[in-house]
Each structure stands twice: as C-alpha cells, then as structure tokens.
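> This structure is in structure tokens; I'll ask about it shortly.
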Amino acid sequence: MSSQPVRVAFPASDALHERLDQFLREAAASPVADQSALLNVLLDDFLNDLLAAFFDGPIEAVGVQGGVATMVQGGVKIINKAARALVRNLVGKAGPAEQQALAAHFRSLTIEREGRLYLAFPLDGDGGAELQRVFEGYLSGESGYSRDLVTVMCRLCDDALRHYFDGLVGCVKLNAFNRGVVATARKTIQKAAYMAVEKGLPALGRPHKEPVVRHFSGMLLTPA
C-alpha cells in the first residue's frame, strides 16, 4: 500500500500554468531580483482558479437559482474581496527573500498527473480517509450522511485555508499591525466559507447536493 497521502487538488488553467512556470524560472535564475510585477499577476490567476474550483464549480454543478445560490455567491464575493486585498498587501511587502520563499511554497503545492498541472495539498491520514468515506457513502445513495458532509466540508475549508492562505502569508515578514490585518482577512474568509457550507449545503435536496459532493470528490487525488 502506498504511503502517499490523498491530496485535494484543482487544475491550473493555462494562464496560471504559464505565469507559475515563468515566476519559478525567474525566481531561480535571479534570486535577488524583484519579481513583484510577475508575482502580482500570478497571485491574481491563482485566486481566479482557486475560487473557480471551490465555489464557482460547485455552483455551476448544482445549477440552482434563488436564495441558496444568492447566499453562496454573496459569500464568494466577500472571500474574493478579502483575498485580493490580502494579496495586494503581501506583494507590496515581499522583497526578494520573501519572493524566494513564495516560490518554494508554490513548488510544494504543484503536482503533475497525466500531463496536467495541479495545485494540491495533502490530507492527513485520518482526514483523508474520513473525507473519502463520507463522499463515497453519500454518492452510493446511503442515508444519514448530511451532518457528516457539513463536518468534513468545514474541515476541508480549514485545510484549504491553512495550505493556500497561511502558507502564502507565512512566507512574508509582517509587523504587528499587518498581522492583525491578515488575521481579520482570514477570519472573514473562514466565516464566509463556513456560511456557504453550513447554510447552503443543508438547504439543498439530494438532486442538487449530489453534484456538489461529486465535484469535490473529483478534486481528490489518490496516490498514483
């Protein structure tokens, strides 16, 4: 049995793949050069793909309109605004050393599968097994998984924040004031994500909930 963990991953768009390759090449070739302009565009593409995978994709999969969709889309707007404000803050404070750390972090997130580049993070053994158990149980048509779905999806939100948000922020040295700004932005993003899960998911019937679960199940990369 492989010791490799299950990973949660989203595919890089052509734009993100190109920007990321360019940033990593430039960072390796000129470690003391300022790559702020390139990093700014890269992070913008990264956020576009991240939000598409975790929010736009599930909304499109459901195809539902009305109050639930409006609530979730409102949460996405909050996350989008807070995340982009944070990115602008980070880029403005990232010197060459921090940019090298950001390059290393992005390298740690990348994984290639069947010629496609993904941005991924590992789930711990218990967390990965539980997520798979709940997804597979629900998609098999078994009942009694609604509460478990909310629990594992909130945990998935926390894991994504830790790897995608905290991992980037941790690469940049911040003073006390800016750490406070970051903490506020993180709390805003987490609260909006939790709202989408805790209120949006239970409001969906099985015909609409199943495509959401199938979407996130499709984001799991098992060991090759």
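The values are calculated or read from the model by the stated rules, or taken from the named source; none is laboratory data. As the structure is a prediction and not an experimental result, all values here were calculated from the model. Don't worry about glycine lacking a Cβ; one is built from the backbone with ideal geometry, like all the others, and counts go over all protein chains shown.
> Need the failing condition index for L119 against (1) touching a Leu at 6+ places or on another chain (Cβ under 6 Å); (2) assigned to a helix (DSSP H, G or I); (3) not small (G, A, S), just the number.
Of everything listed in (1) touching a Leu at 6+ places or on another chain (Cβ under 6 Å); (2) assigned to a helix (DSSP H, G or I); (3) not small (G, A, S), L119 misses just condition (2).
> Output the residues belonging to the range 179-224 that are under 14 Å from V76 (Cα atoms), among the hydrophobic types (A, V, I, L, M, F, W, C) and in contact with a Lys or Arg (Cβ under 9 Å, 6 or more places away or on another chain).
A192
> Filter the range 66-83 for residues that are surrounded by 14 or more Cβ atoms within 10 Å (Cβ to Cβ) and either in contact with a strand residue (DSSP E or B) (Cβ under 8 Å, 6 or more places away or on another chain) or of a type in the set (K, R) (or both) and give the result.
Once the filter is applied, which keeps residues that are surrounded by 14 or more Cβ atoms within 10 Å (Cβ to Cβ) and either in contact with a strand residue (DSSP E or B) (Cβ under 8 Å, 6 or more places away or on another chain) or of a type in the set (K, R) (or both), the range 66-83 yields only K81.
> Sticking with this one: Select from the range 4-62 the residues that are charged (D, E, K, R), within 16 Å of the chain's Cα centre (by Cα) and part of a loop (DSSP other than H, G, I, E, B) and list them in ascending order.
none
> Against the definition (surrounded by 15 or more Cβ atoms within 10 Å (Cβ to Cβ) and of a type outside the set (S, T, Y)), how does F216 come out, yes or no?
yes
> Can you work out which of the residues in the range 141-169 that are among the β-branched types (V, I, T) and more than 30 Å from A101 (Cβ to Cβ) is surrounded by the most Cβ atoms within 10 Å (Cβ to Cβ)?
Checking each candidate, the answer is V152.
> Just to be sure before I move on: is F121 touching an Asp or Glu at 6+ places or on another chain (Cβ under 8 Å) and in contact (Cβ under 8 Å) with a residue 12 or more places away in the chain in the structure I sent?
Answer is yes for this residue.
> Pick from Y138, Y194: which is part of a helix (DSSP H, G or I), touching a residue at least 40 places away in the same chain (Cβ under 8 Å), surrounded by 18 or more Cβ atoms within 10 Å (Cβ to Cβ) and among the hydroxyl-bearing types (S, T, Y)?
Y138
> What is the number of the single condition among (1) in a helix (DSSP H, G or I); (2) modelled with pLDDT of 90 or more that E112 does not meet?
All conditions pass for E112, except number (1).
> Do we find that A61 is under 30 Å from V213 (Cα atoms) and at pLDDT 90 or above in this structure?
So A61 does not fit the description; no.
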